[in-house]
Each structure stands twice: as structure tokens, then as C-alpha cells.
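Undergrad: After the C-alpha cells below, expect a handful of questions from me.
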Amino acid sequence: LKDELVIYTAHWDHLGIQDGRIYNGAVDNASACATLPAMAEAAVSRPARRSQLFLFTCCEEQGLLGAAAYVRSPLRPLADTVAVLNLESLNWVGPARDIEFLGGELSELGELGERVARAMGMTLRPPEPDPQGLYFRSDHFPFARAGVPALSPGFSLAGQREYEENGDASRAKARGFLDRYHRESDDFDPAWDLRGMVQQGQFILNLGRLIADSPVRPQWRPVPAAARASGDAPRR
């Protein structure tokens with residue numbers, strides 16, 4: 001299986017400098033850019049049956065352009081990519097008992113995610129309404145449209161998690177990011193609880209490892225009629 005791939009992605013761009021103002025994008029998405037190399041270092045120490053590719057994309061904020069460019073011109077044939085796990089705006093508040101899995105119900109990644117969460121003493125959050133269209137706004141989506149099972153585990157702008165400590169206060173703290181989202185104030189704060197990022201990174205790496213070692217590839221679920229009508233459904 002070594003010629004097949006599990007891909008982990010993180011976009012390294014933010015909004016840059018606009019009208020002399022610097023947009024650092026510490027949560028979105030330097031949090032993921034800091035986590036991805038640590039995951040790669042851990043993966044190298046214990047090779048899986050399938051290859052694992054750690055990919056930094058650009059121009060996500062301009063419309064997922066980097067991920068779309070890779071899909072058009074992949075390093076290996078896209079048919080050899082079995083899954084894509086994207087790191088997006090990681091959990092800077094603290095460890096949690098659950099994790100978002102937006103779009104997990106669309107493929108067998110949902111069941112695999114449940115297995116990994118259970119082994120880590122966590123649960124997957126059940127499918128929730130997505131009024132902001134987050135599933136369609138992150139770098140996993142160009143891969144999904146091209147037919148590769150893909151999602152961004154733990155992606156949530158409001159952090160509606162069951163935190164292990166100070167539940168209501170932690171959720172209020174997480175919601176506060178909405179006031180900094182795509183603003184100059186999305187800066188690093190030494191008060192961040194990096195245990196949340198470590199937990200999320202470990203979950204994604206464990207999920208990728210499970211996929212990379214499995215003798216079978218994760219498959220898509222049947223597409224609901226409404227999704228087929230919208231034209232945004234992943235290709236099967």
C-alpha cells in the first residue's frame with residue numbers, strides 16, 4: 001500500500017498586510033501550521049503501510065486556490081489518495097471531551113473517527129447545522145469535490161465543545177474568537193492552553209494512521225438528493 005497516500009493539510013496564508021495593518025492569523029491558521037510539523041515528526045518515527053504526505057497549502061483565504069491547484073496537479077495520481085485530513089483553526093482553549101467532525105456522516109470517515117475518539121476517551125459531536133457553510137470553506141473541500149473522502153476534524157469557529165475544564169467559561173472564551181476572526185487581533189496569546197491543540201493534532205494523526213494501515217479504503221456514503229441537486233456534492 002506504500003504507493004497510496006493519506007494527506008494532511010494546513011494553509012499557511014492569512015490576510016497579510018492590508019492598508020498598513022498586519023493580519024497575523026494566529027488561530028487561523030498558524031495554529032495548524034505549528035501542529036502539522038510535529039505530527040509529521042511523530043509519523044516519521046513509525047511508518048505506516050500507506051505513505052503519509054504533509055502538505056502546506058496557500059491562498060485558502062482567497063478561495064481554496066492552493067488546495068485546488070494541488071488537486072489539478074497532484075504529486076501522485078489523485079486516485080492513489082485515500083483520504084485528506086485538513087487542520088483548520090485549531091483548539092486553543094483547552095482539552096475537550098468531544099471533537100467536531102463536520103461532514104463525517106458523508107463517508108466512512110465517520111465510523112473511523114468514532115473509533116479513534118473512543119480510544120482517546122472522546123466522542124464525535126453529532127452532525128449539526130452548518131449555516132456558515134464551513135464544510136465548503138476549507139482546504140479539504142477541493143479534494144472532496146474530486147472524489148477523495150476529506151474533512152477538517154475539529155474545525156469550529158465558535159468552539160462549541162464539551163471542555164474538560166471550566167465548561168461554560170471555556171465555551172464563552174472560544175466564542176470570543178468570532179470577534180477576532182479575520183481581524184488584526186487574531187494574534188498569539190501566551191495564555192493559550194496548548195493542550196487543546198496537542199489533543200486535536202493527536203486525534204487527527206491517530207485517525208490518519210488508522211486509515212493508512214487499513215487494508216481497505218474509506219468510501220463515500222450515498223449522496224442525499226438535496227446535495228445532488230445543489231451541485232456541491234463530492235464526486236463518487
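Undergrad: Against the 2.2 N^0.38 Å scaling, with N counting residues, where does the chain land? I'd like the Cα-based Rg ratio to two decimal places.
TA: Dividing the Cα Rg of the chain by 2.2 N^0.38 Å gives 0.97.
Undergrad: If you average 1/r across every pair of different Cα atoms in the stretch 89-187 and take the reciprocal, what Kirkwood value do you get, in Å?
TA: Hydrodynamic radius (Kirkwood, Cα pairs) of the stretch 89-187 is 14.4 Å.
Undergrad: Over the stretch 1-141, what per residue volume does the convex hull of the Cα atoms give, in whole Å³?
TA: For the stretch 1-141, the hull spanned by Cα atoms encloses 140 Å³ per residue.
Undergrad: Using a 1.4 Å probe over the heavy atoms of the protein chains, calculate the carbon and sulfur portion of the accessible area of the stretch 102-236 as a whole percent.
TA: Carbon and sulfur atoms account for 54 percent of the accessible area of the stretch 102-236.
Undergrad: What dipole magnitude, in Debye to the nearest 20, does the chain give about its Cα centre under +1 on Lys/Arg Cβ and -1 on Asp/Glu Cβ?
TA: Approximately 840 debye in magnitude.
Undergrad: Also: Output ³J(HN,Hα) for the stretch 122-131: one whole-Hz value per residue in order, computed from phi by the Karplus curve 6.51 cos²θ - 1.76 cosθ + 1.60 with θ = phi - 60°, and x for Gly and Pro.
TA: Values, residue by residue: 10, 10, 7, 5, x, x, 10, x, 10, x Hz.
Undergrad: Residue by residue through the stretch 155-164, which ³J(HN,Hα) values in whole Hz follow from phi under the Karplus form 6.51 cos²θ - 1.76 cosθ + 1.60 (θ = phi - 60°), with glycine and proline marked x?
TA: In residue order, the calculated couplings are 6, 7, 6, 9, x, 7, 9, 8, 5, 5 Hz.
Undergrad: Name the residues whose placed amide hydrogens come within less than 5 Å of the amide hydrogen of residue 85, ignoring near sequence neighbours (fewer than 5 apart) on the same chain.
TA: Residues meeting the criterion, in which the H sits 1.01 Å from N, are 7, 8, 9.
Undergrad: Moving on. Take the stretch 84-145, drop everything but the C-alpha atoms, weight them equally and run the Debye formula without solvent; then report log10 I(q)/I(0) at 0.16, 0.24 Å⁻¹ to two decimals.
TA: -0.56, -1.24
Undergrad: Got the relative contact order for the chain handy, in percent, Cα pairs under 8 Å and 6 or more residues apart?
TA: 29
Undergrad: Further question on the same structure: Give or take rounding to whole Å, what are the principal axis extents of the alpha carbon atoms in the stretch 34-112, in descending order?
TA: Here the spans come out as 38, 35, 28 Å, largest first.
Undergrad: Mind listing the long-range amide H neighbours of residue 107? Cut-off is under 5 Å, sequence gap 5 or more, other chains count too, H placed in the peptide plane at 1.01 Å from N.
TA: 221
Undergrad: Residue separation times 0.36 nm, minus the C-alpha to C-alpha distance between residue 217 and residue 1: what's the value?
TA: 76.7 nm
Undergrad: Pop out the carbon and sulfur fraction of the accessible area of the stretch 1-95 as a percent, whole number, probe 1.4 Å.
TA: Ligands and nucleic acids excluded, carbon and sulfur reach 57 percent.
Undergrad: What whole-number value in Å² describes the accessible area per residue of the chain for a 1.4 Å probe?
TA: That works out to 47 Å² per residue.
Undergrad: How much length would be gained if the chain were fully extended between residue 158 and residue 69, taking 0.36 nm per residue of separation minus their Cα-Cα distance, in nm to one decimal?
TA: Once the chain is fully extended between residue 158 and residue 69, it gains 29.1 nm.
Undergrad: Helix-derived [θ] at 222 nm for the chain: sum -39500 (n - 2.57) over DSSP H runs of at least 4, divide by residue count, nearest 500?
TA: Result for the chain, helices only: -9000 deg cm²/dmol.
Undergrad: Here's another thing I want to ask about it. Choose one of 65, 94, 104: the residue whose Cα lies farthest towards the positive end of the charge dipole of the stretch 59-175 (beta-carbon charges +1 Lys, Arg; -1 Asp, Glu; about the Cα centre).
TA: Going by the Cα projections, it comes out as 65.
Undergrad: Still on this structure, please answer the following. Given R₀ = 25 Å, what would the calculated FRET efficiency be for residue 193 paired with residue 62, taking r from the Cβ atoms and rounding to 0.05?
TA: E(calc), rounded to 0.05, equals 0.20.
Undergrad: If r is the Cβ-Cβ distance from residue 181 to residue 49 and R0 is 25 Å, what FRET efficiency results, to the nearest 0.05?
TA: The pair residue 181/residue 49 has a calculated efficiency of 0.05.
Undergrad: Long-range amide H contacts for residue 90: which residues qualify at under 5 Å (H placed 1.01 Å from N, peptide plane, sequence gap of 5 or more or a different chain)?
TA: 31, 32
The values are calculated or read from the model by the stated rules, or taken from the named source; none is laboratory data. Predicted model only: the values in this text are computed from it and were never measured. Cβ atoms come from the backbone with ideal geometry, glycine included; neighbour counts cover every protein chain shown. To get the accessible areas, we keep the full protein, side chains included, count just its heavy atoms, and leave off ligands, DNA and RNA. Shrake-Rupley method; radii C 1.70, N 1.55, O 1.52, S 1.80 Å.
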